[in-house]
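The values are calculated or read from the model by the stated rules, or taken from the named source; none is laboratory data. For clarity, every value in this text was computed on a predicted model and none was experimentally measured. Cβ sites come from the backbone with ideal geometry, for glycine too, and all protein chains shown count toward neighbours. Accessible surface areas use protein heavy atoms only, side chains included; no ligands, DNA or RNA. Shrake-Rupley method; radii C 1.70, N 1.55, O 1.52, S 1.80 Å.
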Amino acid sequence: MRITKIGHSTVLIEAGGTRLLTDPYFGTFGHIAYARVNPPALTRDEIGRLDGVLVSHGHWDHTDRRFFRGLEPDTPVFIPSSTSALMRLKGVRSPVPVKMWQSLRVAGAVITAVPALHFARTVGWVVQTENSCVYFAGDTYHRPFMAEIGLRFPIDVALMPVSTFRIPLTMSEKGAVKAARDLRAETVIPIHLGVQPRSPLLRTRQSPEGFERRLREAGLDTRVVQLADGERWELSRDAETPELAIATAV
């Protein structure tokens, strides 16, 4: 299993011979209220062949119209149920609505839409292969459904937000610690770090480092892997190295 952080919540998941991209966003400006911190590590054209795209919700920093329009017409874009009309407006040509807890096979992987809570109709995604399991949270708060996700799936790595702004749009450091406890993931890779409020008044000092410190204070041994944009992390399982994390540049 290989995880490559492209930027913000855009992550390339390669597992079981399957290539899936999460929440594509390649814009460099951001939004009138939010600035993009760093440009994405890869351009739209450099992503290459995909077996599918996983979209958690329709907000501007998780959907990229130019990217969707450039996809091969038969590349499925998996979306929350009842959002097909919105996603078509966002440029998606082959939307595949997925209901909560519904599972679908995509090449060598099985994807499952799982609960999430945000200011939009949203889902999280679990990607399973024969020997790996990835949870992609999208934008969500910590809620009791995370304990159910942790019970249903043997999560190797959780891709999830671990900090927020003064207008809380995702989990705070404290909420992310509760999520890590409930999900029982072996590893957490922080995401949703690619934009920040243009107004300093809306920024906080919350960070992946603060999340990791709170994890240790809570007595949790969850591994935290902080990837810079363009770095990748690999999980291998064999007799000599049952778990091996490697961060390399793209």
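Numbers at a glance
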quantity	calculated
Region 111-224 - Rg (one decimal) and Dmax (whole number), Cα, Å	13.7, 47
Summed side-chain charge close to G194 - residues other than G194 whose Cβ falls under 10 Å, Lys, Arg +1, Asp, Glu -1	0
Accessible surface of the chain, 1.4 Å probe, proportion on carbon and sulfur as whole %	52 percent
√(5λ) per eigenvalue of the Cα gyration tensor, region 55-161, largest first, Å	23, 17, 11
Sites L201 and A147 - FRET efficiency at Förster radius 35 Å, r taken between beta-carbons, to 0.05	0.50
Straight-distance crosslink candidates among lysines, where the alpha carbon sits under 26 Å from K178 and sequence neighbours closer than 8 are dropped	K5, K99
Calculated log₁₀ intensity ratio I(q)/I(0) where the Debye formula runs over C-alpha points of region 98-159, q = 0.16, 0.22, 0.25 Å⁻¹	-0.47, -0.87, -1.11
Residues of region 180-224 with amide N under 14 Å of a point placed 7 Å along Cα→Cβ from K174	206, 211, 214-215, 218
Among beta bridges that DSSP assigns inside the chain, antiparallel share in %, nearest 5	65 percent
Spin-label model distance (nm) - R49 vs A35, 7 Å beyond Cα toward Cβ	4.1 nm
Kirkwood hydrodynamic radius (C-alpha pairs) into Stokes-Einstein, region 158-242, 10 °C and 1.306 mPa s, D in µm²/s	114 µm²/s
Å² per residue, accessible surface of the chain at 1.4 Å	45 Å²
Net length gained if the chain between S81 and R121 were fully extended (0.36 nm per residue, minus Cα distance)	13.6 nm
Cα-based reach from K174 at 15 Å (exclusive), listing aspartates and glutamates while leaving out same-chain residues under 8 positions away	D182, E209, E212, E217
